Amino acid sequence: MPQINAIEVDNLRFAWRRELPEVLHIPQLEVARGERIFIRGASGSGKSTLLALMAGVNLPTSGEVKILGETINRLGSAKRDHFRSDHIGFVFQLFNLIPYLSVLENVTLPCRFSHLRKHKATESGNSLHDEAMRLLGHLDMAHTDLVHRPVTELSVGQQQRVATARALIGAPEIIIADEPTSALDSDMRQAFLRLLFQECEETGSTLLFVSHDRQLEPLFEHHIALDEINQTPVRSV
Amino acid sequence: MAILSLAFKSLLNRRFTATLILVSIALSVSLLLGVERLRVESRNSFANTISGTDLVVGARSGAINLLLYSVFRIGDATNNISWKSYRKFADHSLVKWTIPISLGDSHLGYRVMGTNQDYFLHYKYARKRSLAFDQGQPFEQVYQAVLGHEVAEMLNYRIGQKIVIAHGAGKTSFAMHDDKPFEVVGILEPTGTPVDRTVHVPLEGIEAIHSDWIAGRQVPGLKLSAEDTLKKNLTPKQITAFMVGLKSKLATFRVQREINDYRKEPLLAILPGVALQQLWDLMSVAENALLVVTILVVAVGLIGMLTVMLAGLNERRREMAILRSVGARPGHILLLVTGESLLLSLVGMALGLLLLYLGLFMAQPFIEANYGLHIPIDFPSLREWMILGLVGTSGLIIGLIPGFRAYRYSLSDGMSIRL
């Protein structure tokens, strides 16, 4: 029985508006489950747009985006939102946390919106709190001193780890990380990635890692250069 | 609900601005409720001034004028009515009782009213409450006086004290009836009506102090001592007005018409309830203006909230994007932002209510002492709940404005975080 791919893109075209030129045209893209993919592209090459399409935040002008076998561009907007919160965890470049929530509240935030992830997080019999602490522990963030500090007082590296724990809670099938390391120095970068890989492996999540930083590329098993797969005509600069 | 707890925490994070908004809403709501309560209570107290009296009769002038001078002791009568006319209607077969009143003199700014014992028997205020004596008893002799509660209190008068009545109604008068002082024999309980500010003396007393006066001054050659005056016939020749209680309410219009059609003297009989209503309608313009102003104050409070919410929204686009990425739907964002405004309005209203009762507790004795207005500290009335409901709904509707804006942002921004 063939395994369902994490992501399948078929003849995807996207323009911000119909009258504007296309920014993305990807004839074919497949990502198997459990893979760690490095998506490279210069800034402005449409990386974030691609992620938004995969997350079902934006809809393709034509073509199909299948996530975990579900053609998400055919779903209604409420269903897409639901699907996203159930199956995709995000880590962004910077300032990932809600400033008025505690570290633990930030980590468990997805479980407020997704029953599935709440269910998965507490499946083992742990409380949500324990599960959050477990994930934070893996990311070396479980010190009581850190957990009780306002998130705005954490260092950037610490904030990114909290955001990672949040993306991982409830074991979503796909983790999308949009330049999560660009605000970190290179030592921190390596350590952060190691933790991220380790966690993805443990939960069996597919990792989509977007960056313009080629130094990180060797750490991944699969690479996609967005400039190469994107078939839109060369745009004027 | 999960999203409302987020709204609460978000507000807690901005506690300084949130507190300012709360204070402005609380103040404006307590002002609105305070004005409303004052309005209702002053209206009640106003309507309570006279009760159980079917007709008030005076010289022909205007209904409101008659009501003002006879019941509220405001202004002066244009003319007097003759004792003969009074007796004719006092002895009318349909009339149960009458209270004659004679005005025109004063004591240290308080109006002096000549009347008879029937006043203490039949005059009723509020919901048919009779006058009651705090100390002493009704007057029985010519030179005796019964004081309203405020008069006794403010001037610190006791039973047995002698007071001198001044000619005319002004606060300072140079024409004093100092040759014929009156002895205080009774002090009434507070009523919250003009009775509290009245000095009551017998009609004969009024007649006695004026017996040696002609045209507003004492005639030197005619001077009579207090004792000598008592030997004269002190039946008044004129009174200012009289109140009428009928045997049957059904006869009210018939007797009123009879009095108004009286050939021998131009008289005017009014129904106090109707005149009170007319008078109140006159004042309702000012009353409504006040209400409109306080409603505007509440509107300003809510618009202040709107301003703060809208101003903060742009900075919060990142927060919205993060929430979207963890699974919040645009509807959640709408609920979050609107929920914040709703929470602020609700808590602001609760604080406003608290402030109102705090204010009432502190101001109640002061208002009662200075304005004779008793404001009961009751649960909010149905009308006040409706006002609160309206403020809450306005808060919700106003909260929908930043709510929908955030909703639109979250649709257009998606998860892209703008720096």
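Here are the numbers for this structure:
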quantity	calculated
Positions within segment B:187-199 being more than 18 Å from B:LEU108 (Cβ to Cβ) and either at pLDDT 90 or above or not β-branched (Val, Ile, Thr) (or both), in sequence order	B:GLU189, B:PRO190, B:GLY192
Segments classed as helices (runs of 4 or more DSSP H), wholly inside segment A:23-130, with at least 2 members that are more than 20 Å from A:ALA163 (Cα to Cα) and within 14 Å of chain B (Cβ to nearest Cβ)	A:47-54, A:77-87
Qualifying residues in segment A:120-138 (those that are of a type in the set (A, V, I, L, M) and under 21 Å from B:SER325 (Cα atoms)) - the one modelled with the lowest pLDDT	A:ALA121
Where B:PHE89 falls short, out of the listed (1) over 19 Å from the mean Cα position of the chain (by Cα); (2) at pLDDT below 90	(2)
Residue match in segment B:11-23 (condition: polar (S, T, N, Q) and part of a loop (DSSP other than H, G, I, E, B))	no
Residue in segment B:133-142 that is in a strand (DSSP E or B), among the β-branched types (Val, Ile, Thr) and either more than 27 Å from B:ASP178 (Cα to Cα) or touching a residue at least 60 places away in the same chain (Cβ under 8 Å) (or both) present	no
Which numbered condition B:GLU315 fails, given (1) modelled with pLDDT of 90 or more; (2) surrounded by fewer than 23 Cβ atoms within 10 Å (Cβ to Cβ); (3) within 14 Å of chain A (Cβ to nearest Cβ)	(1)
Leading residue by the ranking (farthest from B:ILE99 (Cα to Cα)) among those in segment B:28-71 that are among the polar types (S, T, N, Q) and surrounded by fewer than 17 Cβ atoms within 10 Å (Cβ to Cβ)	B:ASN44
Wholly within segment B:53-126, helices (runs of 4 or more DSSP H) carrying at least 3 residues that are over 18 Å from B:ASN260 (Cα atoms)	B:63-71, B:118-122
Positions within segment B:143-166 being touching a residue at least 40 places away in the same chain (Cβ under 8 Å), hydrophobic (A, V, I, L, M, F, W, C) and not in a strand (DSSP E or B), in sequence order	B:VAL151, B:LEU155, B:VAL164, B:ILE165
Residue within segment B:246-263 that is modelled with pLDDT of 90 or more, more than 14 Å from every other protein chain (Cβ to nearest Cβ), more than 30 Å from B:THR338 (Cα to Cα) and assigned to a strand (DSSP E or B) present	yes
Those residues of segment A:143-181 which are hydroxyl-bearing (Ser, Thr, Tyr) and more than 15 Å from the chain's Cα centre (by Cα), in sequence order	A:THR144, A:THR152, A:SER155
Yes/no for A:PRO99 being touching a strand residue (DSSP E or B) at 6+ places or on another chain (Cβ under 6 Å), surrounded by 15 or more Cβ atoms within 10 Å (Cβ to Cβ) and within 27 Å of B:ARG408 (Cα to Cα)	no
Scope segment B:150-172; condition modelled with pLDDT under 90, under 22 Å from the mean Cα position of the chain (by Cα) and surrounded by 20 or more Cβ atoms within 10 Å (Cβ to Cβ); matching residues	B:GLU150
Sole exception among (1) of a type in the set (D, E, K, R); (2) loosely packed, with under 15 Cβ neighbours inside 10 Å; (3) under 18 Å from B:LEU31 (Cβ atoms) for B:ARG408, by number	(3)
Every pair of residues 6+ apart whose Cβ atoms lie under 8 Å, when the first sits in segment B:178-204 and is assigned by TED's automatic domain parsing to the domain that holds B:ARG158 and in a strand (DSSP E or B) while the second is acidic (Asp, Glu) and at pLDDT 85 or above	B:VAL185/B:GLU140; B:ILE187/B:ASP134; B:LEU188/B:ASP134; B:LEU188/B:ASP196
Failed condition for A:ARG214, given (1) crowded, with 18+ Cβ neighbours inside 10 Å; (2) more than 21 Å from A:ALA55 (Cα to Cα); (3) of a type outside the set (Ser, Thr, Tyr); (4) more than 15 Å from the chain's Cα centre (by Cα)	(1)
Residue in segment A:101-142 that is farthest from A:GLY157 (Cα to Cα), counting only those that are under 19 Å from the mean Cα position of the chain (by Cα) and of a type in the set (Gly, Ala, Ser)	A:SER114
Count - residues of segment B:324-354 that are over 14 Å from B:GLY403 (Cα atoms), within 14 Å of chain A (Cβ to nearest Cβ) and surrounded by fewer than 24 Cβ atoms within 10 Å (Cβ to Cβ)	0
Test: residue in segment B:369-386 that is surrounded by fewer than 19 Cβ atoms within 10 Å (Cβ to Cβ), of a type in the set (Lys, Arg) and away from every other protein chain (no Cβ under 14 Å)	yes
Of the criteria (1) within 30 Å of B:LYS249 (Cβ to Cβ); (2) assigned to a loop (DSSP other than H, G, I, E, B); (3) under 19 Å from the mean Cα position of the chain (by Cα), which one B:SER284 fails	(2)
Members of segment A:81-119 that are among the polar types (S, T, N, Q), touching a helix residue (DSSP H, G or I) at 6+ places or on another chain (Cβ under 8 Å) and either farther than 16 Å from B:ALA2 by Cα or at pLDDT below 85 (or both)	A:ASN96
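Rundown of residues vs (1) of a type in the set (D, E, K, R); (2) within 21 Å of B:HIS210 (Cβ to Cβ); (3) in the same structural domain as B:PRO100 (by TED's automatic domain parsing), yes/no style:
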site: B:PHE120; (1), (2), (3): no, no, yes
site: B:LEU131; (1), (2), (3): no, no, yes
site: B:GLY148; (1), (2), (3): no, no, yes
site: B:ARG158; (1), (2), (3): yes, no, yes
site: B:LYS162; (1), (2), (3): yes, yes, yes
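The values are calculated or read from the model by the stated rules, or taken from the named source; none is laboratory data. Since the structure is predicted, the reported quantities are computational estimates derived from the model, not experimental observations. Note that we place each Cβ from the backbone using ideal geometry, even for glycine, and neighbour counts take in every protein chain shown.
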